[in-house]
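Only one structure is covered here, and it is reproduced in the block below.
Coordinate-derived values only; no laboratory data. On a predicted model such as this, the values are computed, not experimentally measured, just so you know. Ideal geometry is used to build each Cβ from the backbone, glycine not excepted, and the neighbour counts take in all protein chains shown.
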Amino acid sequence: MLRGVPLAEIRNFVAVNAWLATAGQPSEAELADVAASGFELVVNLGLSDPRYCLADEAGTAARLGLAYEHLPVDFKAPKLEDFVRFERVLTEAAGRRTFVHCAANYRVACFVALYGERHFGWSTEQALAHVHTVWAPDETWRKFMQTVRAELASGALGAGRP
C-alpha cells in the first residue's frame, strides 16, 4: 500500500482466497499497491479501450516487477475460448499471487465463478454468490455461464484442465 490505502479501495475489489484477488480497472498508483502487497501476476480481461484502461498497463506492470497477461474479452460477446485461455493462465499461475481485473470486475467475477466451480469445489450457488458481490449478470453473461457449465459437464474441456 504505497498510498496508504487498502487494496479494498480499488473498484469492486474482492479477495477470493490467499492467492487470488479481483477488481475493476486499477489506476497506476493502485497497481503499485497491488505489487507492494505481494502480488506477482496481473491478468487483464478488459479491452484496450482508453476509456477503461491504462495507456500502457503492460509497461507499468513490468516496471513494478509484475508479470502481465492481457486476455481481452468482449463484454458483449464472451466466448468459450476466452474462458479456456483464462483457465489455462490461472492454472499455470498456481502458487503465484494473482490479481485479475477488467473494467469493473464484471467479466472477471463470472470467469472466477466458473473457475471456482471447476477448481475450488464451489457449488453453482457459491459461484453465483461470488458474482453477486459485484453485479447481477445480464442475459449475455447468464447464457455464457450456462454454456461454459454445459461444456464442463460434458467433459468437452477435459478433466480439470483445458
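Does region 118-132 contain any residue that is in contact with a Lys or Arg (Cβ under 7 Å, 6 or more places away or on another chain) and surrounded by fewer than 20 Cβ atoms within 10 Å (Cβ to Cβ)?
No: region 118-132 contains no residue that is in contact with a Lys or Arg (Cβ under 7 Å, 6 or more places away or on another chain) and surrounded by fewer than 20 Cβ atoms within 10 Å (Cβ to Cβ).
A quick yes/no check of all residues on (1) closer than 28 Å to Trp122 by Cβ; (2) touching a helix residue (DSSP H, G or I) at 6+ places or on another chain (Cβ under 7 Å); (3) outside any loop (DSSP other than H, G, I, E, B):
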{"residue": "Thr22", "(1), (2), (3)": "yes, yes, yes"}
{"residue": "Pro26", "(1), (2), (3)": "yes, yes, no"}
{"residue": "Ala29", "(1), (2), (3)": "no, no, yes"}
{"residue": "Val42", "(1), (2), (3)": "yes, yes, yes"}
{"residue": "Leu47", "(1), (2), (3)": "yes, no, no"}
{"residue": "Thr60", "(1), (2), (3)": "no, yes, yes"}
{"residue": "Gly65", "(1), (2), (3)": "no, yes, no"}
{"residue": "Glu69", "(1), (2), (3)": "yes, yes, yes"}
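Quick one: would you say Ala94 is more than 14 Å from the chain's Cα centre (by Cα), in a helix (DSSP H, G or I) and either under 15 Å from Phe39 (Cβ atoms) or without any contact (Cβ under 8 Å) to a residue 40 or more places away in the chain (or both)?
no
Here's the yes/no breakdown for (1) of a type outside the set (Val, Ile, Thr); (2) within 19 Å of Ala136 (Cβ to Cβ):
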site: Val43; (1), (2): no, no
site: His70; (1), (2): yes, no
site: Asp74; (1), (2): yes, no
site: Ala93; (1), (2): yes, no
site: Val100; (1), (2): no, no
site: Ala104; (1), (2): yes, yes
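Residue pairs, Cβ under 9 Å, 6 or more apart or interchain, first in region 134-153 and over 16 Å from Cys102 (Cβ atoms), second of a type in the set (Ser, Thr, Tyr) and in a helix (DSSP H, G or I). List them.
Close Cβ pairs satisfying both conditions: Arg149/Thr124.
Let me confirm something: among Phe83, Phe75, which residue is in a loop (DSSP other than H, G, I, E, B) and either over 30 Å from Gly155 (Cβ atoms) or among the hydrophobic types (A, V, I, L, M, F, W, C) (or both)?
So the residue among Phe83, Phe75 that is in a loop (DSSP other than H, G, I, E, B) and either over 30 Å from Gly155 (Cβ atoms) or among the hydrophobic types (A, V, I, L, M, F, W, C) (or both) is Phe75.
I'm trying to understand the selection: among the residues of region 31-40, which are assigned to a helix (DSSP H, G or I) and either out of contact with any Asp or Glu (no Cβ under 8 Å at 6 or more places or on another chain) or under 12 Å from Ala104 (Cα atoms) (or both)?
Ala32, Asp33, Val34, Ala35, Ala36 - these are the residues of region 31-40 that are assigned to a helix (DSSP H, G or I) and either out of contact with any Asp or Glu (no Cβ under 8 Å at 6 or more places or on another chain) or under 12 Å from Ala104 (Cα atoms) (or both).
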